[in-house]
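Only one structure is covered here, and it is reproduced in the block below.
The values are calculated or read from the model by the stated rules, or taken from the named source; none is laboratory data. What you are looking at is a predicted structure, and each value in this text was computed from that prediction instead of being measured. Cβ placement follows ideal geometry from the backbone for every residue including glycine, while neighbour counts extend to all protein chains displayed. Keep in mind that these areas ignore ligands, DNA and RNA; they rest on the heavy atoms of the full protein, side chains included. Shrake-Rupley method; radii C 1.70, N 1.55, O 1.52, S 1.80 Å.
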Amino acid sequence: MNVKDSITISAVAVLAIIALGALGAIVPVLRPVFGIAIPYAAVAVFLLGVVAKVLGWGKTPVPFAIPTTCGQQKSLPWIKASYLESPWTKKGVIARMALEILCFRSLFRNTNMSMKQGPKIFYGPTLWLWIAALAFHYTFLTVFIRHFRFFLEPVPFPIKMLETLDGFLQIGLPTVMVSGFILAGAATYLLLRRLMIPTVRYISLPNDFFPLFLILSIAVTGILMRYVTKTDVVGIKELTMGLVTFRPTVPDTVGMIFFVHLFLVSTLLAYFPFSKLMHMGGVFMSPTRNLTCNTREVRHVNPWNYPVKTHDYHEYEDEFRAHMVEAGLPVEKPLED
């Protein structure tokens, strides 16, 4: 599928979701469906989908340790081993996982090849991709946690503190939450990069563009609700508190833009377990990340291999000692009289 078709399919799908969300706000009989039933269904699909995915990964047999090739394994004492690239202890694995999850270390070490005048091959870092990915994920997490203020009463102190830190750049009212703008900017960068770099564009498919369009639409509708349109925050809180207490009601004062935002979020939740976004859980289950690289230190035996009869040197010498002595070959144990 070419990139034009991929973009068209993804854009049309997201526009259809926006239109359906707006329809759910306009038609009175659909308001409970889009305000109550669909969010409940989306959360159920998300939870069941994630659990099924993780269980599937957990059941996949991994008989051997899978060492990565980017670092020297521990072997002979005079060869320096790479503790983080090829950790041979659990502590080393935990350190590698922490750097991978918190700092995206693999992405930081990624290099890009290009041809310069000469012609010469040039290898350079992809720092902007790493920075954008960090900004995207951390601001997404911040926005996600910040939204818990709508589901909790009273609002816990850590969430209030996070809001204060997020809104340090206060310019009038309402307070400008930096995370929302950085999230939209980072998602835009990732989308433009996918469109403007020929090699990345060539391998892009609808499942690459659709989540980016979806997340961008969520960020934009959130910004619109906060800074542009008049949104009934009290009504939204009443709806969200009703959802978490299983006594849901849809106030008449909740406007269309909120329904669009909620339907986009519900779609993202339901889509999440079946998409590439599941790398969030997959990084914890990756054998190349969570296993020790000790295949030169420990012999790993495939548990379902059939038993193989071995014949070590001592057994060999016991069997042929007389012939070895007769032939003048050295033996470790003298021939018994």
Practice item. Residue by residue through region 281-334, note down the ones that are charged (D, E, K, R), within 30 Å of W57 (Cα to Cα) and in contact (Cβ under 8 Å) with a residue 12 or more places away in the chain. Key: R289, R296, E297
**Study point:** Extreme residue, surrounded by the most Cβ atoms within 10 Å (Cβ to Cβ), among residues of region 88-98 that are in a helix (DSSP H, G or I) and in contact (Cβ under 8 Å) with a residue 24 or more places away in the chain
**Key:** R96
Practice item. Could you check, for region 99-117, whether at least one of its residues is in contact with a Lys or Arg (Cβ under 7 Å, 6 or more places away or on another chain) and either surrounded by 12 or more Cβ atoms within 10 Å (Cβ to Cβ) or of a type in the set (A, V, I, L, M, F, W, C) (or both)? Key: yes
Review point. Got at least one residue in region 287-299 being of a type in the set (D, E) and within 30 Å of K74 (Cα to Cα)?
Key: yes
Check your understanding: Which residue, of M241, M256, M225, M196, is in contact with a His (Cβ under 8 Å, 6 or more places away or on another chain) and modelled with pLDDT of 85 or more?
Key -> M225
Practice item. Give me a count of the residues in region 5-28 that are over 18 Å from A219 (Cα atoms) and either buried (at least 19 other Cβ atoms within 10 Å of the Cβ) or among the hydroxyl-bearing types (S, T, Y) (or both). Key: 5
Check your understanding: Within region 299-337, can you find the residues that are modelled with pLDDT of 80 or more, farther than 30 Å from W88 by Cβ and assigned to a loop (DSSP other than H, G, I, E, B)?
Key -> K309, H311, A327, G328, L329, P330, V331, E332, K333, P334, L335
Practice item. Kindly list the number of the only condition in (1) within 27 Å of A270 (Cβ to Cβ); (2) open to solvent by 80 Å² or more (accessible area, probe 1.4 Å) that fails for F168. Key: (1)
Study note, to complete from the structure: Among helices (runs of 4 or more DSSP H) entirely inside region 104-172, those with 1 or more residues being small (G, A, S) are 105-108, 127-146
Exercise for review: Output the helices (runs of 4 or more DSSP H) that fall wholly within region 198-257 and possess 3 or more residues being free of Cβ contacts under 8 Å to residues at least 60 places away in the same chain, more than 16 Å from F148 (Cα to Cα) and open to solvent by 40 Å² or more (accessible area, probe 1.4 Å), or say none.
Suggested key: 206-227
**Study point:** Single residue of A65, A37 found to be under 26 Å from the mean Cα position of the chain (by Cα), open to solvent by less than 70 Å² (accessible area, probe 1.4 Å) and small (G, A, S)
**Key:** A65
